[in-house]
Amino acid sequence: MQNPLTGQSIRFITTSQDSAGRVLEMESSFSHAGPEPPAHFHPAQEEHFLVLEGELQVRLQGRLLRLRPGQRLRVAPGQVHSMWNAGEARTTVRWTVLPALRTEEFLENVFGLAQDGQVNAQGKPGLLPAAVLAGEYAPEFRLARPPRWVQRLVFGLLRPLARAIGLPALVLRYAESRHPQAA
């Protein structure tokens with residue numbers, strides 16, 4: 001799958017289903033320089049990155065790092081981070097998430113929104129879709145800013161509106177074909 005705005009593509013190697021939820025392993029490529037994504041963290045997951053090609057720009061706990069081929073990085077649960085390709089050459093990383101939880105579904109939905117043009121020029125969804133995603137995938141993904149209490153308040157107020165206009169069905173549909181809901 002590919003995000004046409006950021007140039008990022010992801011190929012799943014080991015899925016949550018393959019590993020009974022223990023691990024999600026991917027190869028992610030950034031075809032060109034892209035914007036720094038929002039700083040975020042994962043409350044109960046750790047991530048491991050191995051740079052295979054190019055250079056990966058990383059902001060980890062406010063510290064800027066540049067990783068080159070062969071270099072590894074571990075992001076512990078709760079560590080605020082963002083990563084992107086800041087150069088013009090392709091960057092490819094091996095990306096492992098432990099445990100997998102529903103990260104695969106989250107990524108499929110975010111990339112699906114981008115492919116359908118439902119995001120802004122930086123690849124970010126609007127406020128109502130973000131409220132849906134924040135509620136659905138809080139165990140997997142949390143924005144570092146604004147403060148959590150502000151996110152809970154704003155997204156909590158917006159989620160009923162999003163439900164009333166049927167937005168969850170539109171925002172969360174991209175993973176449905178691969179992960180049908182239990183009847």
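The values are calculated or read from the model by the stated rules, or taken from the named source; none is laboratory data. All of these numbers come straight from a predicted model, not from anything done at the bench. Here the Cβ positions follow ideal geometry from the backbone for every residue, glycine too, while neighbour counts run over all protein chains shown. All accessible areas refer to the heavy atoms of the entire protein, side chains included, with ligands and DNA or RNA removed. Shrake-Rupley method; radii C 1.70, N 1.55, O 1.52, S 1.80 Å.
Some notes on this structure:
- Paramagnetic label zone (point 7 Å from Cα along Cα-to-C-beta, Arg74; backbone N under 16 Å) in segment 23-55: 44-51
- Rough spin-label spacing in nm, given labels placed 7 Å along Cα→Cβ, for Thr14 and His40: 2.2 nm
- Applying the Kirkwood pairwise sum to the alpha-carbon positions of segment 104-149 produces a hydrodynamic radius of 11.2 angstrom.
- Gln115-Val150 pseudo-label distance in nm [points 7 Å out on the Cα-to-Cβ vector]: 3.4 nm
- Stokes-Einstein, applied to the Kirkwood radius of segment 1-113 over Cα pairs at a viscosity of 0.692 mPa s and 37 °C, places its translational diffusion at 233 µm² s⁻¹.
- Where only DSSP H runs of four or more residues are counted, the chain gives -7500 deg cm²/dmol as its mean residue ellipticity at 222 nm, each run worth -39500 (n - 2.57).
- Shape summary: segment 59-183 maps onto an equivalent ellipsoid whose semi-axes, from the alpha-carbon gyration tensor, are 27, 18, 15 Å in decreasing order.
- Solvent-accessible area per residue for the chain (1.4 angstrom probe, square angstrom): 51 Å²
- Per-atom-type breakdown for segment 1-114 gives carbon and sulfur 51% of the accessible area (1.4 Å probe, protein chains only).
- Around the Cα centre of the chain, unit charges on the Cβ atoms of Lys, Arg, Asp and Glu (plus for the first two, minus for the last two) sum to a dipole of about 560 debye.
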